[in-house]
Amino acid sequence: MKRRSFVKKATLGSFVALLGTDIVFGSNMLKGYTPLALQETDPFKLFKKHKEMVVLNNRPWNMEAQAHLLNDTITPTTKMFIRNNGRIPEDIDVSTWTLTIDGESVAQKKTYTLAELQSKFKQYTYQLTLECGGNGRSEFNPPAKGNQWTIGAIHCAEWTGVRLKDILDDAGIKSNAVYIGYHSADTHLSGDPAKEPISRGVPMSKALQDETLIAFKVNGKDIPLAHGYPLRLVAGGWPASASGKWLNRISVRNKVHDGTKMKGKAYRVPCEPVAPGASVKDEDMCIIESMPVKSLITSPKSGGMIKEGKSLKIRGHAWAGELEVAKVSYSIDFGATWQPTVLQQPSNRLAWQNFSANINFPKKGYYEVWAKAFDSNGISQPMILPGWNPKGYLNNACHRIAIKVI
Ligand SMILES: Nc1nc2c(c(=O)[nH]1)N[C@H]1C(S)=C(S)[C@@H](COP(=O)(O)O)O[C@H]1N2
Ligand SMILES: [Mo]
């Protein structure tokens, strides 16, 4: 999508979403008029992103963070990666936006306006980890097609919304329900209105968790357009592809949801490990559910220098999908020995956890600091690349930074 054509065709609703504030006399604007503030070709300004974010693709827009940008406990929207499979919707009108619950296994099809969702159901706020299943893809060899994410396709922001389970309870679900699938307002890159760019989902057990939200706010504000304004499913700890943006429909299915990117090799890995480069039959691929344990050193920035005799404070986050992180260790000798870090509790289930340590280096020279997290089942991150898979998912190898002691 060319950004120019995007703003040209956009409506008042999407301008308001992009600007993050009301256009007071907006109804006076001529049709086809683009507000000056949006006559902008710079994606950083258009999406209000930090200048050090990295653009991987502009058609569709994909942008990732760098480790040192993710140092905040709660990721600000300026530093949230963007992953789009299609075109951002251009005709958002919050006054007519609705969420429909349908599907074979819903007791009764039901449609809610945004106002109804917000007034009828209790609202909750959770900090939730969303990591793209393809985060770390760039390191796999043979390489996998797709966005070459390094480490920055992860965020942990604070989402506010209503529980999906309360909505499903209100609509009623049949006993044969096994899955929910989301449907959204973004459009296919081909322009074909019959095609959905992505329509994924989660099993009922995940759909009915307390933390699975239908969100309308992130970090206390309207969700930015690129992240799903005005309504988004958020299923923390699972591949972020399960968290549908621009949400307008949820189908309660009597089988595993079969929407776009649920089948074949999309968001699936070989059920059993395979050799790098192997060809794997579709029926031997399994859907990714909870994400594996992983961590990031977010401070200092890799490449930093420190004076001899001074101790270095490192800081970062660790997360483990559905599980808690039990321990994070660090090494300064290429993994020969490991020392403990101080690990904090998550602010709620499915939020990442901060860790920190003060490191003393024996003498001048070049060092690497490696971090390794362990989940509550005792499983740790691998130090080298984990199992190769055709689409390059689930790279949770240890993160490392370079430090020079001078
Ligand atoms: N409607 C819709 N929802 C979507 C997508 C999309 O393209 N369209 N991309 C998914 C994928 S693959 C990811 S990783 C996350 C990215 O969320 P973010 O852009 O808010 O970081 O959104 C998911 N939800
Ligand atoms: Mo993703």
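The values are calculated or read from the model by the stated rules, or taken from the named source; none is laboratory data. What you see is a predicted model; the values in this text were computed from it and never measured. Virtual Cβ from ideal backbone geometry, glycine too; neighbours counted across all protein chains shown. Note: accessible area is taken over every heavy atom of the protein model, side chains too, but ligands, DNA and RNA are not part of it. Shrake-Rupley method; radii C 1.70, N 1.55, O 1.52, S 1.80 Å.
Within the stretch 365-379, identify whether any single residue is of a type in the set (S, T, N, Q), part of a strand (DSSP E or B) and either modelled with pLDDT of 95 or more or open to solvent by less than 30 Å² (accessible area, probe 1.4 Å) (or both), and answer yes or no.
At the first step, the residues of the stretch 365-379 found to be of a type in the set (S, T, N, Q) are 376-377.
Narrowing the set further to residues that are part of a strand (DSSP E or B) leaves none.
Taking every residue of the stretch 365-379 in turn, none turns out to be of a type in the set (S, T, N, Q), part of a strand (DSSP E or B) and either modelled with pLDDT of 95 or more or open to solvent by less than 30 Å² (accessible area, probe 1.4 Å) (or both).
I'd like to know if the stretch 195-214 contains one or more residues that are open to solvent by 10 Å² or more (accessible area, probe 1.4 Å), within 11 Å of ligand 1 (Cβ to nearest atom) and touching a His at 6+ places or on another chain (Cβ under 7 Å). Yes, that holds for at least one residue. Please specify each residue of the stretch 281-301 satisfying the condition of being within 17 Å of residue 152 (Cβ to Cβ) and open to solvent by 70 Å² or more (accessible area, probe 1.4 Å). Residue satisfying the conditions is 301 alone. Residue check: is residue 52 open to solvent by 20 Å² or more (accessible area, probe 1.4 Å) and either more than 16 Å from ligand 2 (Cβ to nearest atom) or out of contact with any Asp or Glu (no Cβ under 7 Å at 6 or more places or on another chain) (or both)? Answer is yes for this residue.
Applying the set (1) within 14 Å of ligand 1 (Cβ to nearest atom); (2) out of contact with any Cys (no Cβ under 6 Å at 6 or more places or on another chain); (3) of a type in the set (Val, Ile, Thr) to residue 96 leaves exactly one unmet item: (1). With the requirement that a residue be in contact with a Ser or Thr (Cβ under 9 Å, 6 or more places away or on another chain) and more than 16 Å from ligand 2 (Cβ to nearest atom), what does the stretch 213-230 give you? Answer for the stretch 213-230, where residues must be in contact with a Ser or Thr (Cβ under 9 Å, 6 or more places away or on another chain) and more than 16 Å from ligand 2 (Cβ to nearest atom): 213, 215, 216, 217, 218, 219, 220, 221, 223, 224, 225, 229. Filtering the stretch 322-350 to residues that are farther than 17 Å from residue 75 by Cα, open to solvent by less than 60 Å² (accessible area, probe 1.4 Å) and in contact (Cβ under 8 Å) with a residue 12 or more places away in the chain leaves 322, 325, 328, 329, 330, 331, 332, 335, 341, 343. Looking at this structure, is residue 221 more than 21 Å from residue 163 (Cα to Cα) and of a type in the set (Lys, Arg)? No.
Residue 103 - would you say it is open to solvent by less than 60 Å² (accessible area, probe 1.4 Å), assigned by TED's automatic domain parsing to the domain that holds residue 159 and on the phi > 0 side of the Ramachandran plot? I'd like the intermediate steps shown before the answer.
On the way: open to solvent by less than 60 Å² (accessible area, probe 1.4 Å): yes; assigned by TED's automatic domain parsing to the domain that holds residue 159: yes; on the phi > 0 side of the Ramachandran plot: yes.
Spelling it out, residue 103 is indeed open to solvent by less than 60 Å² (accessible area, probe 1.4 Å), assigned by TED's automatic domain parsing to the domain that holds residue 159 and on the phi > 0 side of the Ramachandran plot.
When the stretch 152-187 is filtered for residues that are within 14 Å of ligand 2 (Cβ to nearest atom) and part of a loop (DSSP other than H, G, I, E, B), the ones remaining, listed by number, are 152, 153, 186. Taking the stretch 19-33 as the range and being hydrophobic (A, V, I, L, M, F, W, C) and surrounded by 10 or more Cβ atoms within 10 Å (Cβ to Cβ) as the test, the residues that pass are 19, 23, 29. In the stretch 70-89, the qualifying residues are those that are within 16 Å of ligand 2 (Cβ to nearest atom) and outside any loop (DSSP other than H, G, I, E, B), and the one that is surrounded by the fewest Cβ atoms within 10 Å (Cβ to Cβ) is 82.
Need a quick list: strands (runs of 3 or more DSSP E) entirely within the stretch 278-361 having at least 3 residues that are out of contact with any Cys (no Cβ under 6 Å at 6 or more places or on another chain).
Values: elements: 285-287, 294-299, 304-306, 312-319, 325-331, 353-359.
Fully inside the stretch 278-361 and qualifying: 294-299, 304-306, 312-319, 325-331, 353-359.
Across the stretch 149-191, the number of residues qualifying as within 18 Å of residue 110 (Cα to Cα), touching a strand residue (DSSP E or B) at 6+ places or on another chain (Cβ under 6 Å) and open to solvent by 40 Å² or more (accessible area, probe 1.4 Å) comes to 1.
Among the listed residues 195, 145, identify the single one that is in contact (Cβ under 8 Å) with a residue 60 or more places away in the chain, closer than 25 Å to residue 89 by Cβ and not in a strand (DSSP E or B).
On the way: 145 fails: closer than 25 Å to residue 89 by Cβ.
It is 195.
Being assigned to a strand (DSSP E or B), more than 16 Å from ligand 2 (Cβ to nearest atom) and either open to solvent by 60 Å² or more (accessible area, probe 1.4 Å) or of a type outside the set (Phe, Trp, Tyr) (or both), is that true of even one residue in the stretch 265-273? Within the stretch 265-273, one or more residues are assigned to a strand (DSSP E or B), more than 16 Å from ligand 2 (Cβ to nearest atom) and either open to solvent by 60 Å² or more (accessible area, probe 1.4 Å) or of a type outside the set (Phe, Trp, Tyr) (or both). Mind listing just one residue for me: the one in the stretch 106-136 that is aliphatic (A, V, I, L, M) and surrounded by fewer than 20 Cβ atoms within 10 Å (Cβ to Cβ) and, of those, farthest from the chain's Cα centre (by Cα)? My answer is 107.
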